[in-house]
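Chemist: Would you mind keeping the following structure in view while I ask a few things?
The values are calculated or read from the model by the stated rules, or taken from the named source; none is laboratory data. Nothing here was measured: the structure is a model prediction, and the numbers come from that model. Cβ atoms come from the backbone with ideal geometry, glycine included; neighbour counts cover every protein chain shown.
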Amino acid sequence: MKAAEIRNMDDDALAGWIASTRFALFEATFKHADGKLVNHAMLGQLRKAVARGVTEASKRETAAGLPKGSLSNRPAKRGVEIVADGGAFLSEVAESFGE
């Protein structure tokens, strides 16, 4: 997902996206340790995606005067739909875990 798309998310969608991307990174790390990860470049992509999301959350926290980590470390609200870039990046992640 591009930085511009992340900037356009509302706070709840951003928090949900960060949480789901962190979980995907968690799963990919274990697959890598087991030797079952097919696309090893995905680890770097997921790390960078999490960093992009956390950076945007940090900018919003600073601008709103919120405590550090209040957006990036909160769990996603139930019922909030995760905004994806047409399904390209996150669908690749989901497909690789389905194998």
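Chemist: Which pairs have Cβ atoms under 6 Å, sit 6 or more apart or on different chains, and link a residue in region 1-23 that is over 13 Å from Arg74 (Cβ atoms) to one that is surrounded by fewer than 15 Cβ atoms within 10 Å (Cβ to Cβ) and among the acidic types (Asp, Glu)?
Modeler: Partner pairs satisfying both residue conditions: Met1/Asp85; Glu5/Asp85.
Chemist: Failed condition for Gly35, given (1) more than 15 Å from the chain's Cα centre (by Cα); (2) at negative phi, with all others met?
Modeler: Of everything listed in (1) more than 15 Å from the chain's Cα centre (by Cα); (2) at negative phi, Gly35 misses just condition (2).
Chemist: For region 12-45, what are the residues that are of a type in the set (Asp, Glu) and modelled with pLDDT of 90 or more?
Modeler: Taking region 12-45 as the starting set, the residues that turn out to be of a type in the set (Asp, Glu) are 12, 27, 34.
Within region 12-45, Glu27, Asp34 meet the criteria.
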